[in-house]
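These notes are about the structure you will find just below.
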Amino acid sequence: MSKKSLVDVLAKKNGLSLKDAGAAVDRIVETISKELKKSQRFSLPGFGTFSVSKRAARKGRNPRTGEAIKIKASKGVRFKAGATLKGGL
């Protein structure tokens, strides 16, 4: 499902304009992003948990040349589905 599809569904089911539904989706994504930056975790009971994972720096290889390279440490977002979501799939 795309963002546009989600906005359309929210607008129809809640009697909102497309503009208001789009703003609501944007605020939700913004809130989740801010919470992940602040506390490294965001949980929606029944749906799942978003968390920040840290990847250590490591050595890798350039697949084109075979040359050894250093890969910097980085952070990524993980999602773990909640029991209700798992049960409904």
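Among residues of segment 1-30 that are outside the structural domain of residue 50 (by TED's automatic domain parsing), those with a beta-carbon under 8 Å from a residue that is in a loop (DSSP other than H, G, I, E, B) and surrounded by 15 or more Cβ atoms within 10 Å (Cβ to Cβ) at least six positions away or on a different chain give the pairs 10/16; 24/16.
When we screen 53, 43 for residues that are loosely packed, with under 13 Cβ neighbours inside 10 Å and either among the hydroxyl-bearing types (Ser, Thr, Tyr) or outside the structural domain of residue 77 (by TED's automatic domain parsing) (or both), the only hit is 53.
Within segment 79-89, if we keep just the residues that are surrounded by fewer than 10 Cβ atoms within 10 Å (Cβ to Cβ) and not hydrophobic (A, V, I, L, M, F, W, C), the residue that is modelled with the lowest pLDDT turns out to be 88.
Quick grid of which residues meet (1) modelled with pLDDT under 95; (2) in contact with a Phe, Trp or Tyr (Cβ under 9 Å, 6 or more places away or on another chain):
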position: 27; (1), (2): no, no
position: 39; (1), (2): yes, no
position: 49; (1), (2): no, yes
position: 56; (1), (2): no, no
position: 61; (1), (2): no, no
position: 66; (1), (2): yes, no
position: 70; (1), (2): no, no
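Taking (1) of a type outside the set (Lys, Arg); (2) assigned to a loop (DSSP other than H, G, I, E, B); (3) surrounded by 10 or more Cβ atoms within 10 Å (Cβ to Cβ) in turn, residue 60 satisfies each apart from (2).
The values are calculated or read from the model by the stated rules, or taken from the named source; none is laboratory data. Everything numeric here is computed off the predicted structure, so don't read it as measured data. Glycine also receives a Cβ, built like all others from the backbone with ideal geometry; neighbour counts cover every protein chain displayed.
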